[in-house]
Amino acid sequence: MQLSKLFLFLLLAPLSFAQAAEVTNPSTNPAVQLALAAETDLALPATATDLTQPPAPIREALIVAPEYILEDLDQATAATFEATTYPALSALPDEDVWQRIRSGFAMKPLNSRLIKRHEQWYASHPEYVLRMSERANRYLFYIVEEVERRGMPSEIALLPIIESAFNPGANSVASASGIWQFIPSTGKHFGMEQNWWYDGRRDIIGATNGALDYLEKLHKQFGDWELALAAYNWGEGAVARAQAANRRRGKPTGYSHLRMPRETQNYVPKLLAVKNIVSDPARYGLTLHAIPNKPYFAAVTPSKPMDVKIAAELADVSLDEFLALNPGHNRPVILQDQAEVLLLPVDKVTVFRTNLENNDQRLVSWRAYESEKGEAFADIADNFDMTLDQLRKANGLSRYATLSNGQTLLVPAKEEVNESEFTPFNMHATAVQEMSGFRYVVRKGDTISGIARKFGISQRSLIAMNNGRSFLRIGQKFTILPSSIRSASARKSGKARKADKLGNSKQKVISYRR
């Protein structure tokens, strides 16, 4: 019976599992897409030998602890876990970031049996915990510095563990992105620019500062960190409404007394479980990758546009390492006005500056190409000696799109191109949708004919865009391709112009009668 329950639970695993699969899929991970799009025949230089082992690559499979439902665990498993004895944790040196975090713990204990359940899950996945802590090596010192500077409890520095497992390319089905998992609207509110070239939600410095700004605001609004964290996960409006509902019923309005979705019920307990593990990993049979208490990266300001691949070569780091520190770039070219700074390992900053100063090769190997409407993407790829997959990934094109709607595309430059001649394009707000289309989420009452009518396309075209799917369920996502968006917009614009003409002629008649 217990095995049946376990199988059913795994089959119906909640959002965090689905998110984990999407995060590490090379076809959906923007950082990996960028790496693949930037591939050329030139081999990257070998990375210089470091004194410490480099962090785990961000392409590794990612597992996120499941959101447990409120059911009792198998009693035998629980008893075994309680009876297990662990060696005492040996004291770590003061220069270890984990010890620094332990010294700053300040959140009050929470009486929740969910904490132990998440502890058990992490204890049963030691390899996952080790890989996650290796990825944290790049970012955790900076985050702890910012948390301490603001006087926040150091538990906040552990929040990316449960948000993204420190995967900077993480993308959720709810369109959240980066190690702090900002949705587009909240990211924009906190100053994270998002366009065809760049997504500031994945920027390590910008997203960290935005997340801490938001958490400070929520703490000031709700008065304690448990409610602030619930609001960070669920939304401040949702928490405020739940408190108002409790007040009407004469009930307490603290975190433990609110009626919340299952994910939010697990959010703070999961963080506190991580806190307990960081406090004493040996008690759970776990090992954390040692993180020196010193900066991992430093910032440089690019003065010219350059290829992502060339920037990595100039810094003498692998492409994976460069992308892990600079995951905000969507395209294989870095625009100097879209990257106030580039992050590099501290020992590579001088290398980068020296190589850039002595460089006599072109820095940009891509150029703009004005495609013709109806031109096949496969033909464009052939003309520029690239695969169709590389063309799609370099430009963020939908995998369902086969014909151009007249977009300006980024293609390899066949001739020498002076970097001063490379000017940004596709800077308008709708560039992303024109390239990749967008996903329409099915709502209650939607029909195939209604969705098709809304976007001015035939039902047959809508079904063809979505691999022949003709059934509907609430929450299902339908792909609307770029050409459909443009044609629908044109029809709407035409109707608006016609209405304007009618309005103007009516105005003229009225004026004349006067």
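The fraction of accessible area contributed by carbon and sulfur in the range 92-172 is 48 percent, rounded to a whole number (1.4 Å probe; ligands and nucleic acids excluded). Over the range 326-393, the alpha carbon radius of gyration divided by the compact-protein estimate 2.2 N^0.38 Å works out to 1.50.
Remark: the range 297-338 is approximated by an ellipsoid whose semi-axes, taken from the C-alpha gyration tensor as √(5λ), come to 14, 11, 11 Å, largest first. Per-residue surface analysis assigns H329 an accessible area of about 10 Å², computed on protein heavy atoms at 1.4 Å probe radius. The calculated Kirkwood hydrodynamic radius for the range 257-360 is 16.9 Å, given to one decimal from all distinct C-alpha pairs. Output the pairs from K304/K414; K217/K294; K108/K270; K393/K477; K188/K444; K116/K270 with a Cα-Cα distance over 18 Å in this structure; if there are none, say none. The pairs that break the limit, which is 18 Å between Cα atoms, are K304/K414; K217/K294; K393/K477; K188/K444. Amide H contacts of R367: V411, A413, each under 5 Å away and 5 or more positions distant or on a separate chain (H built 1.01 Å from N in the peptide plane; Pro and chain starts excluded). Ratio of Rg to Rh for the range 260-303: 1.24 [Cα atoms; Kirkwood radius as inverse mean 1/r over pairs]. For V349, the accessible area of its heavy atoms, probed at 1.4 Å with every protein chain present, is near 10 square angstrom.
Just the protein heavy atoms count here, and of the accessible area of the range 184-240 at 1.4 Å, carbon and sulfur take up 49 percent.
Close amide H contacts of M107 (hydrogens built in the peptide plane, cut-off under 5 Å, sequence separation of 5 or more or a different chain): E155.
The Rg/Rh ratio of the range 142-222, with both radii computed over alpha carbons and Rh defined as the Kirkwood radius, is 0.95.
The values are calculated or read from the model by the stated rules, or taken from the named source; none is laboratory data. Note that the structure is predicted; figures quoted are calculated from it, not measured. In case anyone asks, the SASA skips ligands and DNA or RNA and just uses the protein heavy atoms, side chains included. Shrake-Rupley method; radii C 1.70, N 1.55, O 1.52, S 1.80 Å.
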